[in-house]
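Since the structure comes first, as structure tokens, the remarks are kept for the end.
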Amino acid sequence: MKQLRVEADHPYNVHIGHQVFSLFTKDYHGLLSSADRIVVVADAQVAKLHLEYLLGYLREFDVRVLTIPAGEQAKSVETFMDCHTFLLSEGCSRKSLLLAFGGGATGDVAGFVASTFMRGIPYIQLPTTILAHDSAVGGKTAINHKLGKNMIGTFYQPEAVLYDIQLLRTLPADEVRSGMAEVVKHAFISNESWLLELLEIDELGTMADGEIMAHLEKGIAVKAAIVEEDEFESGVRKYLNFGHTLAHALEGHFGYGRITHGEAVALGMAYALHLSNHARLNEFLVWCRKNSYPLEKLQEVSFEEILPFMKKDKKSSEGALSFVLLEKTGTPFLETIEEKRAEAAYLELCSMLGGV
């Protein structure tokens with residue numbers, strides 16, 4: 001079991017490995033035993049697969065469970081209010097503890113609920129996907145609005161992150177792709193040799209537990225270091241949005257859940273790499289093809305269709321298009337791009353994809 005420290009305004013540990021839930025009766029026994037209510041907010045699909053496994057580690061505590069929709073469908077005002085209603089109906093108070101059990105979407109909405117219920121209660125992130133190695137660390141919480149992704153939320157750090165990689169074994173192929181796109185993102189903005197190691201993986205589904213854990217540990221370390229420097233995204237933390245300007249636009253256009261977040265990020269990184277004239281673009285596109293990322297989705301959408309979504313990106317202001325670019329691996333920067341240049345690059349990339 002590995003442990004990483006996040007030195008945010010509210011510091012906490014990230015534990016990653018096998019049987020990490022044993023820490024409920026060790027390192028975090030005091031936190032759980034002092035809570036007047038413990039509520040697990042669980043992704044419905046994850047609950048079917050792994051809830052009994054989790055509850056086996058919580059036998060000595062009085063635990064209530066609320067299941068919410070799987071995936072991005074959970075990040076709605078309706079689910080947010082359902083969670084508050086459940087907490088109130090169960091007699092929860094400011095001394096209650098919430099456990100977010102699921103992927104990134106579950107962590108986002110459950111964290112937002114924890115940050116707003118009675119002006120804030122403690123919560124623990126229990127991520128169950130590769131993608132959540134990014135979202136579970138750093139304290140960003142949010143729900144979606146029909147006009148934009150993650151537009152309603154808070155910065156609110158968890159008490160801890162307990163990441164049991166055993167739960168990753170049941171992930172479907174599209175979720176493995178989704179999560180590994182964020183791992184590759186962390187490599188692009190931090191480390192060339194690590195990036196090359198990742199781009200050599202021809203079949204993501206063949207990775208062993210130890211290999212996955214090593215990559216996730218590196219990704220979490222990159223995220224933690226940036227969060228420590230810029231917790232509230234006023235500067236360098238924006239670099240973690242590499243690929244996300246187009247990604248969020250694609251998710252908004254297709255409808256949340258119609259393309260996985262990580263798949264959209266892979267497409268967004270391809271676009272950002274092209275805008276950046278990055279030397280690894282073709283190599284990255286080949287890797288995407290080998291691992292079945294839906295690059296063809298870009299050819300289904302016109303620039304005019306996604307432009308309004310990109311203008312609503314949180315990095316943008318006054319309708320300008322703002323992108324995290326990367327001329328060289330490990331040195332990201334923020335740049336405002338004129339619409340004509342952005343459109344020309346988009347059309348060029350779509351044309352390139354026909355020959356990859």
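A few notes on this one:
- Filtered residue count, region 139-183, keeping only those that are of a type in the set (S, T, Y) and farther than 24 Å from P11 by Cα: 2
- Pair list, Cβ under 6 Å, 6 or more apart: region 145-156 residue open to solvent by less than 60 Å² (accessible area, probe 1.4 Å), other residue part of a strand (DSSP E or B) and small (G, A, S): N150/A142; G153/A142
- Residue list for region 251-260, restricted to those being out of contact with any Gly (no Cβ under 7 Å at 6 or more places or on another chain) and either part of a helix (DSSP H, G or I) or not β-branched (V, I, T) (or both): E251, H253, F254, G255, Y256, R258
- Residue list for region 1-40, filter: aliphatic (A, V, I, L, M), within 17 Å of Y163 (Cβ to Cβ) and in a strand (DSSP E or B): L4, V6, V14, I16, V40
- With respect to (1) part of a loop (DSSP other than H, G, I, E, B); (2) surrounded by 13 or more Cβ atoms within 10 Å (Cβ to Cβ); (3) on the phi < 0 side of the Ramachandran plot, the lone exception for K328 is condition (2).
- If the condition is being touching an Asp or Glu at 6+ places or on another chain (Cβ under 6 Å), outside any loop (DSSP other than H, G, I, E, B) and of a type in the set (V, I, T), then region 91-133 contributes T106, I124.
- When residues of region 264-311 are limited to those that are in a loop (DSSP other than H, G, I, E, B) and hydrophobic (A, V, I, L, M, F, W, C), the one farthest from G354 (Cα to Cα): A279
The values are calculated or read from the model by the stated rules, or taken from the named source; none is laboratory data. Predicted model only: the values in this text are computed from it and were never measured. A quick note on method: Cβ atoms are made from the backbone with ideal geometry, for glycine too, and the neighbour counts reach across all protein chains shown. Just so you know, the surface numbers come from the protein's heavy atoms only, side chains and all, with ligands and any DNA or RNA stripped out. Shrake-Rupley method; radii C 1.70, N 1.55, O 1.52, S 1.80 Å.
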